[in-house]
Amino acid sequence: MPHDAQVIFKPELLVDVELPPGWRCGRHPEGTWWASGPCPKCEGDAYGPTLPPDTGGDGAVHAEREIVAAKPVAEVRADCRCNFVQGDGSTSCGRYWVVQCYEAKD
Ligand SMILES: [Zn+2]
Ligand SMILES: [Zn+2]
């Protein structure tokens, strides 16, 4: 989906949000979780709480897990960081939400 710039900036917690496809969770080597995917509101890039590691081949993301099944093992706050101005000098649509990360089903 293309980015929707018509979404007006609003710092708002999205509750019970249905995340679009493409969300992934993983664990940094030091143990903190990250989540990354498209913003459910404006379709821009979103992640939290930190950038996912570079997936460029050094094996650092071997702990990466698809959000697929089983019980959630972590909850990660993610923020829209689409880098589009959507009002009030913003750099995103301002939404944030909680991502539930699941263990991959082997
Ligand atoms: Zn946006
Ligand atoms: Zn957004």
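The values are calculated or read from the model by the stated rules, or taken from the named source; none is laboratory data. Since we're looking at a predicted model, the values are computed, not measured. Backbone-built Cβ (ideal geometry, glycine too); neighbour counts: all protein chains shown.
Some values worked out for this structure:
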| item | result |
| --- | --- |
| Hits in region 10-20 - residues which are under 15 Å from Glu43 (Cβ atoms) and surrounded by 10 or more Cβ atoms within 10 Å (Cβ to Cβ) | Leu14, Val17, Leu19, Pro20 |
| Of all residues in region 2-47 being at positive phi and more than 12 Å from the chain's Cα centre (by Cα), the one that is nearest to ligand 1 (Cβ to nearest atom) | Asp16 |
| Qualifying residues in region 35-92 (those that are modelled with pLDDT of 90 or more, hydrophobic (A, V, I, L, M, F, W, C) and outside any loop (DSSP other than H, G, I, E, B)) - the one surrounded by the fewest Cβ atoms within 10 Å (Cβ to Cβ) | Val76 |
